[in-house]
Amino acid sequence: VTSLGGGSYRVDLNTTGTPLGEYPVHIVAKAPFVEPAEMIMYIEVREIYNTVSYSANQLSIPVGESASFTITWMDSDSGEPVTGGASYITCNWTSFHGSGEQNYTVTETTTPGVYEVTIYTESDDPLTVGEDYYRVRFNVSRRYYQNHTFFINVEIRSHNTLFILDEPVEQTNYG
C-alpha cells in the first residue's frame, strides 16, 4: 500500500503463483480518529495477453542447408517484449529427421523479445514436389500467457548451380 497523498492510496498485489481465477479481496481502511471503512474488491488473475508476429510465412531452403526467420513476442498488457522465451517456442519440423540430426533452433537475438528460428535440412531430406510444401506448425506456449499457433510452409529444393569458365575455350580449326 502506497500513499498518493490527499487520502488516495495505491494497492499493489503480487499474483505470482496464484491460479487463474477471480478472488474477493477484503479491504479495510482505518486510522486513529477516523471512521473506519471497508469494501470487497474482486480481482481477476488472468493470463498475460500477448502478441506474436513473424517475419516470414514461407521458406525456400536448398537441401542440406538452413534458413531463418524471426518471431517478435510482445506483452500486450504492458507493451513490453517477452524475454527469456526461446524454450517456449516449439515446432513439429522433426517429423522425418532421424536421431542426431539438427532440426531447428530458437535463439533470442540482442533485441529483447525477438527470436531467430533457424530451420535445417539434411542432404537426404525429400525435395518438395510442386506446390506440396511441408507445413510446419509452431507453438508459442508459456504458463500464464496466451498460447499462439501459426504455420510456416517450407520448400526443400535443389541447389541453384552456376557454371562459369575461368578461361574461355580456345578456338580450334575445323577441316
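The values are calculated or read from the model by the stated rules, or taken from the named source; none is laboratory data. None of these values were measured; they are calculated from a predicted model. Quick reminder, even Gly has a Cβ in these numbers, built from the backbone with ideal geometry, and neighbours come from all protein chains shown. Heads up: the accessible areas ignore ligands, DNA and RNA and are worked out on the full protein's heavy atoms, side chains in. Shrake-Rupley method; radii C 1.70, N 1.55, O 1.52, S 1.80 Å.
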Pull up all non-local amide H partners of Gly113: gap of 5 or more, or a different chain, and H-to-H distance under 5 Å with H placed in the peptide plane.
Gly84
Accessible surface of the chain, 1.4 Å probe, proportion on carbon and sulfur as whole %
49
Neighbourhood charge, 12 Å Cβ-Cβ cut-off, centred on Val63 and excluding it, Lys, Arg +1 and Asp, Glu -1:
-4
Enumerate the calculated ³J(HN,Hα) couplings along region 51-65 in order (Karplus 6.51 cos²θ - 1.76 cosθ + 1.60, θ = phi - 60°), each rounded to whole Hz, writing x wherever the residue is Gly or Pro.
10, 10, 10, 10, 8, 8, 10, 8, 10, 10, 10, x, 3, x, 10
Probe 1.4 Å, accessible area per residue of region 41-175, Å²:
65
Let me check something: with ligands and nucleic acids excluded, how do His26, His148 order by accessible area (1.4 Å probe), largest to smallest?
His26, His148
Highest to lowest packing among 1-12, 81-92, scored as the average C-beta count within 10 Å
81-92, 1-12
Residue-wise HN-Hα coupling along region 84-97, computed from phi with Karplus coefficients 6.51, -1.76, 1.60 (Hz; x: Gly, Pro):
x, x, 4, 6, 8, 9, 10, 8, 9, 5, 7, 4, 10, 9
Region 112-127 - phi-based ³J(HN,Hα) in whole Hz, Karplus 6.51/-1.76/1.60, Gly and Pro as x:
x, x, 10, 10, 9, 10, 10, 9, 9, 10, 9, 5, 9, 5, x, 6
When the expected Rg is taken as 2.2 N^0.38 Å, what fraction or multiple of it is the alpha-carbon Rg of region 103-143?
1.55
Can you give the extra length, in nm with one decimal, that the chain gains between Ser60 and Met41 once fully stretched, where that is 0.36 nm per residue apart less the Cα-Cα distance?
1.4 nm
Taking the Cα centroid of region 73-113 and of region 1-31, what is the distance between the two, rounded to the nearest whole Å?
36
Report, for the chain, the % of DSSP beta bridges that are antiparallel, rounded to 5.
90
Over region 78-175, what portion of Cα pair distances is larger than 24 Å, expressed as a whole percent?
45
GluC sites (Glu not before Pro) restricted to DSSP loop in region 61-133 with at most 12 other C-beta within 10 Å
Glu131
What trypsin sites (Lys or Arg not before Pro) in region 85-167 are in a loop by DSSP, with at most 16 other Cβ atoms within 10 Å of the Cβ?
Arg143
Would you mind computing Rg(Cα) / (2.2 N^0.38 Å) for the chain, counting N as its residues?
1.80
